[in-house]
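The structure under discussion appears below in the form of structure tokens.
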Amino acid sequence: MAKCSALWTKASRSTLAAEQVEEISRRKLMVPTSTRWNSLYEAISRILTIPSNELNPLCVKLGIKCFTEKEYQFLKEYISVMKPLTVALDILQGDECTYGALLPTLTSLMSKTLALKDDLSKMTATLPDVIVKAIKTRFNAVLESQEGRLAAATCPKFKLRWLRDECSRVQVKELLITECRTTAAATADVPQDSQPPASPDEMDFFDFEIQPRESLSAENEVTDYIRSGHELEILNQFPTVKKIYMKYNTPTPTSAPVERLFSLGGLVLSPKRNRLSDRRFEKLLLMRYNHCFTPKENKTSGKF
């Protein structure tokens, strides 16, 4: 990592060094930053796009230590092990991610990470176990929480498919059925009688017994939901499951959307706009951000 750091420092502080790197790799190097979780992975991946037989001559030109074959192999294995983690981070910090994606993402992350052990050398053989152990330590309470399981089960794209064994699928299904019963009992309306349709005069002679409107039982609704499609709109066909989805699937507490919002802050905090109150700054920032999503016809219609 020290040699990677030296390469990043040299390429970022010297225009000549940056040109030499771009001449060989035909791409600029990426420098890790503390504000982006995946920046180290992406920066090392960019270095590995340069073949080892071209990387070391570049290091000689820049006056830094060359990479040994063992070090280059270590970087390749490190990237392969960390790739599932970076994909999981991108999923969890997405704009449309909800709490229901957490358990399926963590489960797949641990499974994919452990599956890489057989292809690693002694240098990185213990890295998958370390990552999985850290995940279990950090998310121990979440991995066994009923709220997390209900949130995942009510997401149409996950349902019970993310669970690894039949026993777990049965347990979560029963948990969802129980929650459906509780939700239906708490929100049940007074049953309304269904009236027979309008009939000709001769049909008025008959006395029809009024039939109560029937609703799906919790078991039937959950079973039909599990067999249905994977689009989010499918929840409209299952009102009780939809209520549970709305209850547990809150957006994940990630700062990524906020950071993307304030990336436009420099367009507001210009020297001409000083001493802004909090309310004034909020209005200016939101107006600047919403300007990106305003249709063109609305922009032109406002001109006089």
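Residues of region 162-178 being farther than 15 Å from SER228 by Cα, out of contact with any Lys or Arg (no Cβ under 7 Å at 6 or more places or on another chain) and part of a helix (DSSP H, G or I), which ones?
Answer for region 162-178, where residues must be farther than 15 Å from SER228 by Cα, out of contact with any Lys or Arg (no Cβ under 7 Å at 6 or more places or on another chain) and part of a helix (DSSP H, G or I): GLU166, CYS167, SER168, ARG169, VAL170, GLN171, GLU174, LEU176, ILE177, THR178.
Within region 132-161, work out how many residues are over 14 Å from ILE244 (Cβ atoms), in a helix (DSSP H, G or I) and more than 19 Å from the chain's Cα centre (by Cα).
The number of residues fulfilling the criteria is 5.
In the set CYS66, CYS97, which member is surrounded by 13 or more Cβ atoms within 10 Å (Cβ to Cβ), touching a helix residue (DSSP H, G or I) at 6+ places or on another chain (Cβ under 7 Å) and over 30 Å from GLN146 (Cβ atoms)?
Step by step, each of CYS66, CYS97 is checked, and only CYS66 is surrounded by 13 or more Cβ atoms within 10 Å (Cβ to Cβ), touching a helix residue (DSSP H, G or I) at 6+ places or on another chain (Cβ under 7 Å) and over 30 Å from GLN146 (Cβ atoms).
Return yes or no: is LEU284 surrounded by 14 or more Cβ atoms within 10 Å (Cβ to Cβ) and at pLDDT below 65?
The answer is no for LEU284.
Only residues that are closer than 20 Å to GLU71 by Cα and either in contact (Cβ under 8 Å) with a residue 24 or more places away in the chain or of a type in the set (Ser, Thr, Tyr) (or both): list them for region 119-135, please.
ASP119, LEU120, SER121, MET123, THR124, THR126, LEU127, PRO128
Run down SER80, SER121 and say which single residue is modelled with pLDDT under 90 and surrounded by fewer than 16 Cβ atoms within 10 Å (Cβ to Cβ). Before the answer, list the steps.
Working: SER80 fails: modelled with pLDDT under 90.
Just one listed residue meets the conditions, SER121.
Output the residues belonging to region 144-171 that are surrounded by fewer than 19 Cβ atoms within 10 Å (Cβ to Cβ) and farther than 12 Å from GLY100 by Cα.
GLU144, ARG161, ARG164, ASP165, GLU166, CYS167, SER168, ARG169, VAL170, GLN171
Could you tell me which numbered condition PRO128 fails, if it satisfies all but one of (1) surrounded by 14 or more Cβ atoms within 10 Å (Cβ to Cβ); (2) over 20 Å from PRO251 (Cβ atoms); (3) assigned by TED's automatic domain parsing to the domain that holds LEU175; (4) out of contact with any Ser or Thr (no Cβ under 6 Å at 6 or more places or on another chain)?
Of everything listed in (1) surrounded by 14 or more Cβ atoms within 10 Å (Cβ to Cβ); (2) over 20 Å from PRO251 (Cβ atoms); (3) assigned by TED's automatic domain parsing to the domain that holds LEU175; (4) out of contact with any Ser or Thr (no Cβ under 6 Å at 6 or more places or on another chain), PRO128 misses just condition (4).
Quick one: how many residues across region 107-118 are in contact (Cβ under 8 Å) with a residue 12 or more places away in the chain and either under 30 Å from ILE244 (Cβ atoms) or exposed (fewer than 12 other Cβ atoms within 10 Å of the Cβ) (or both)? Outline the logic, then answer.
To start, the set of residues in region 107-118 that are in contact (Cβ under 8 Å) with a residue 12 or more places away in the chain comprises 107-114, 116-117.
Subset that is either under 30 Å from ILE244 (Cβ atoms) or exposed (fewer than 12 other Cβ atoms within 10 Å of the Cβ) (or both): 107-112.
Within region 107-118, residues that are in contact (Cβ under 8 Å) with a residue 12 or more places away in the chain and either under 30 Å from ILE244 (Cβ atoms) or exposed (fewer than 12 other Cβ atoms within 10 Å of the Cβ) (or both) number 6.
The values are calculated or read from the model by the stated rules, or taken from the named source; none is laboratory data. Not measured: the values here are computed from a predicted model. Cβ sites come from the backbone with ideal geometry, for glycine too, and all protein chains shown count toward neighbours.
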